[in-house]
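A short write-up of the structure that comes next.
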Amino acid sequence: MPSQKNKDFHQLFAEARFQKEKDFPFVIYQKPNELLVKAILPNTSNLVYTSDFSESGFVFAPFDSKEKAILLSSKKILQADYEITPAVPDQIIGSTDNGKEFHLDLVNKALASIKNGALKKVVVSRRLISETKKDAFKLFEALLNYYPEAFKYLWYHPKKGMWLGATPETLLKIDGAVLTTTSLAGTLPVQSNQAPQWSSKEVEEQQLVTDYIVDALSDKLIDTNVTEPASVKAGKLWHLKSLITGSLPKELGLNSIIDALHPTPAVCGMPKIAAKEFLIANENYDREFYTGFLGELNLGVSRKTHLCVNLRSMKLEDTKASIFIGGGITEESNAESEWMETQHKSKTILSLL
């Protein structure tokens with residue numbers, strides 16, 4: 001028999017399903033390494049945007065920082081613990097070469113821009129469309145079991161569609177006057193109990209991201225501290241991660257911090273404007289909310305904020321899932337290796353479908 005905790009959780013699911021039937025927006029989410037699942041259920045189908053990130057609710061922002069971030073806020077916030085059953089996808093997904101030629105060409109264009117000095121780094125991505133018979137709620141429950149260390153979410157708006165994901169990357173956390181952000185870059189597949197063997201390419205890529213973030217926040221934080229890079233697991237993948245912390249001046253608004261960080265060099269590149277222009281001109285699809293950011297905004301009595309970069313995500317439309325996969329390109333990158341990195345990343349999310 002299901003436990004009382006999971007009965008409460010499935011009642012939360014039932015409320016969200018009813019919200020979808022009414023064609024009203026909702027979000028269900030769980031923070032990393034927590035049991036508590038929350039749901040925000042607005043009572044309007046209108047698109048509501050944040051003006052300066054001073055509001056309370058759940059924010060969902062696109063990759064293109066020129067576009068507005070959507071805010072879901074409501075007096076109706078449900079929560080329930082979910083008893084995780086640790087698991088890994090057991091289906092082995094075969095590789096497909098669909099889109100390989102275009103992606104190799106995209107990587108080589110990126111390398112040419114780096115060699116001629118227009119870019120230092122750029123994060124190129126591709127979209128893979130797959131069939132799925134599972135509904136969004138079943139997929140979200142699978143994410144809860146497979147990726148306890150990630151930020152998991154299921155988000156819907158009748159005007160923007162259904163999105164879900166399990167992201168390992170924090171954009172920022174604010175607790176009181178303390179801000180924490182992360183520098184996350186480099187990707188290797190997990191192999192048995194072996195520690196990852198990082199190449200100079202991955203180490204350089206992660207250091208570029210760290211240096212960029214520290215520089216971007218240099219005039220905004222007090223007493224900045226940076227940890228040494230550490231290897232962290234995200235599902236079946238390893239990444240290199242550093243924590244960057246500092247104190248926020250009272251007069252500084254969150255809008256200023258987000259402008260400085262988003263999109264980060266871990267999902268866009270450097271210089272930021274040039275990298276963004278390169279991606280919009282060459283990726284040949286609209287990222288929409290992929291590599292945007294999402295999460296709690298000024299919620300709770302203490303008005304804590306926890307925003308994550310929207311990685312390891314998909315958009316669901318009827319029986320089709322659009323999966324987004326990317327990788328950072330530096331001067332040491334190799335097009336074939338970058339293609340294989342996207343293959344490893346796609347298997348992680350494809351196995352859920």
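The values are calculated or read from the model by the stated rules, or taken from the named source; none is laboratory data. None of the values given here were measured: they were computed from a predicted structure. Note: ideal-geometry Cβ built from the backbone for every residue, glycine included; neighbour counts use all protein chains shown. Note: areas computed on protein heavy atoms with side chains; ligands, DNA, RNA excluded. Shrake-Rupley method; radii C 1.70, N 1.55, O 1.52, S 1.80 Å.
Only one residue of LEU41, PHE53, PHE324 has its Cα farthest out toward the positive end of the dipole of the chain, where Lys and Arg carry +1 and Asp and Glu -1 on Cβ, and that residue is LEU41. Here segment 35-188 exposes an accessible surface that is 50 percent carbon and sulfur, computed with a 1.4 Å probe and the other protein chains kept in place.
The phi-based Karplus calculation (6.51 cos²θ - 1.76 cosθ + 1.60; θ = phi - 60°) puts the 3J(HN,Hα) values of segment 336-349 at 5, 5, 5, 4, 5, 4, 5, 5, 4, 5, 5, 5, 4, 8 Hz, whole numbers, x for Gly and Pro.
Please identify the trypsin sites (Lys or Arg not before Pro) of segment 270-353 that satisfy two criteria: DSSP loop assignment and at most 15 other Cβ atoms within 10 Å. Which are they? In loop regions of segment 270-353 (DSSP not H, G, I, E or B), the sparsely surrounded trypsin sites (Lys or Arg not before Pro) are ARG303. Given segment 135-238 reduced to its alpha-carbon atoms as identical point scatterers, what log10 I(q)/I(0) does the Debye formula return at q = 0.19, 0.21 Å⁻¹? Scattering profile of segment 135-238, log10 relative to I(0): -1.08, -1.15. Charged side chains reduced to their Cβ positions (Lys and Arg at +1, Asp and Glu at -1) give segment 1-75 a dipole of some 240 debye around its Cα centre.
Only lysines eight or more places from LYS250 in sequence, or on another chain, were considered; those with a Cα closer than 17 Å are LYS173, LYS220, LYS304. Note on segment 114-187 and segment 211-280: Cα centroid distance 15 Å, given to the nearest whole angstrom.
Normalised by residue count, segment 61-164 yields a Cα convex hull volume of 191 Å³ per residue.
Computed over the chain, relative contact order equals 25 percent, with contacts defined as Cα pairs under 8 Å that lie 6+ residues apart.
The residues of the chain expose on average 46 square angstrom of accessible surface per residue, using a 1.4 Å probe on protein heavy atoms.
Dipole magnitude for segment 58-188: about 620 debye, using +1 per Lys or Arg Cβ and -1 per Asp or Glu Cβ, origin at the Cα centre. Per residue, the average separation of C-alpha pairs within less than 8 Å and at least 6 apart gives segment 94-249 a relative contact order of 19 percent.
Ranked from largest, the principal axis spans of the Cα set of the chain equal 56, 52, 40 Å.
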